[in-house]
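Working notes, beginning with the structure itself.
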Amino acid sequence: MALGLGLGRGVPGLDDALNAVQVGSVSLPVAVGLLLMMYPVLAKVRYTETRRVTGDRTLLVASLVLNWVVGPALMFALAWLLLPDHPEYRTGLIIVGLARCIAMVLIWNDLSCGDREAAAVLVAINSVFQILAFAALGWFYLQVLPGWLGLPTTSADFSVVAIVVSVLVFLGIPLLAGYLTRTLGERARGRAWYEGTFLPKIGPVALYGLLFTIVVIFALQGDAITSQPWDVARIALPLLAYFALMFGGSFLLGRAVGLGYAKTATLSFTAAGNNFELAIAVAIGTFGATSGQALAGVVGPLIEVPVLVGLVYVSLWAGRRFFPGDPTVPGAAHRSTALPGPSAR
């Protein structure tokens, strides 16, 4: 993050160079980083075991309610409560709340030793809902609900094409590649070789992709972030509250309904994470690159990255504290193919 901010601030024209080629509305370097980040994680998914996830109605219903009812409503409430005098930032945060995570959440889930198959299924389901519900929820939270409450409304026309492209590229491509890699790899050499030899070799690529993506994202927005520190701090407050409430509430819900540690961790990270790449693209496409809405989207990953890394440690601690005897708790039964998480280090 510091390197990206420094590059964005100190190298004139770098943001224009990084944005010269785009995939949909996302910079090509960011797109490459996201694909590199997601592919190894999705290659680790045992796709033959996803049926046990799709049959878990408690997990699916909890995820859908958290992502598409609680999450947007909570961000709406926090944005109005903490930014009543900044309509542009408020609108940007509401857009962030509507963009459910389909990328980095897979990394946080893997580092916390969450259920990898459950994460793949929940991300796929949220992606479908994102295509179907994003524009409708944007209309509801920016125009309908504020009107009912006697608050100022905001007009916004979202690009459905941008949403579809985001889902197809940043989930569809690595998901297909991961599925084919596992299917063909196991068919050719067997599961023991695939999980014992092949996966450990490609595993670090996910972390390299994550670091590269973070550097590029902040290099693209370094000048905007560093030139308005007070505004960044104002935007950060509702984001910090959002991540803490969504993660903590989801974790407690998972424990209460008996999901077990691995699925609870997955539920919590998929509920707390947001698709900032999509939110930034939508804000820029709708309101302009220099708008307050775009700045709110840009501040999102500035807060999300360190907070969710910290929540990985919280999840590992909470697993040992609240799920005694659960074999999926890190330290009780580590999966040999997991990414090297904090506890392993």
Of all the residues that make up segment 160-180, how many are aromatic (F, W, Y) and more than 15 Å from V32 (Cβ to Cβ)? 1
Any idea which residue in segment 251-267 is surrounded by the fewest Cβ atoms within 10 Å (Cβ to Cβ), counting only those that are touching a Phe, Trp or Tyr at 6+ places or on another chain (Cβ under 7 Å) and hydroxyl-bearing (S, T, Y)? Y261
Residue within segment 86-106 that is in a loop (DSSP other than H, G, I, E, B) and surrounded by fewer than 21 Cβ atoms within 10 Å (Cβ to Cβ) present: yes
Scan segment 234-254 and tell me whether some residue there is more than 27 Å from S315 (Cβ to Cβ) and either touching a Gly at 6+ places or on another chain (Cβ under 6 Å) or at pLDDT 90 or above (or both). yes
So, in segment 81-119, exactly how many residues are touching a helix residue (DSSP H, G or I) at 6+ places or on another chain (Cβ under 7 Å), modelled with pLDDT of 90 or more and of a type in the set (A, V, I, L, M)? 10
Kindly check whether there is at least one residue in segment 93-108 that is charged (D, E, K, R) and over 15 Å from the mean Cα position of the chain (by Cα). no
I'm checking my understanding of the structure. Among residues of segment 133-143 that are surrounded by 13 or more Cβ atoms within 10 Å (Cβ to Cβ) and not aromatic (F, W, Y), which one is farthest from L171 (Cα to Cα)? Q143
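The values are calculated or read from the model by the stated rules, or taken from the named source; none is laboratory data. Computed from a predicted model, the values in this text were never measured in an experiment. Note that each Cβ is placed from the backbone with ideal geometry, even for glycine, and that neighbours are counted across all protein chains shown.
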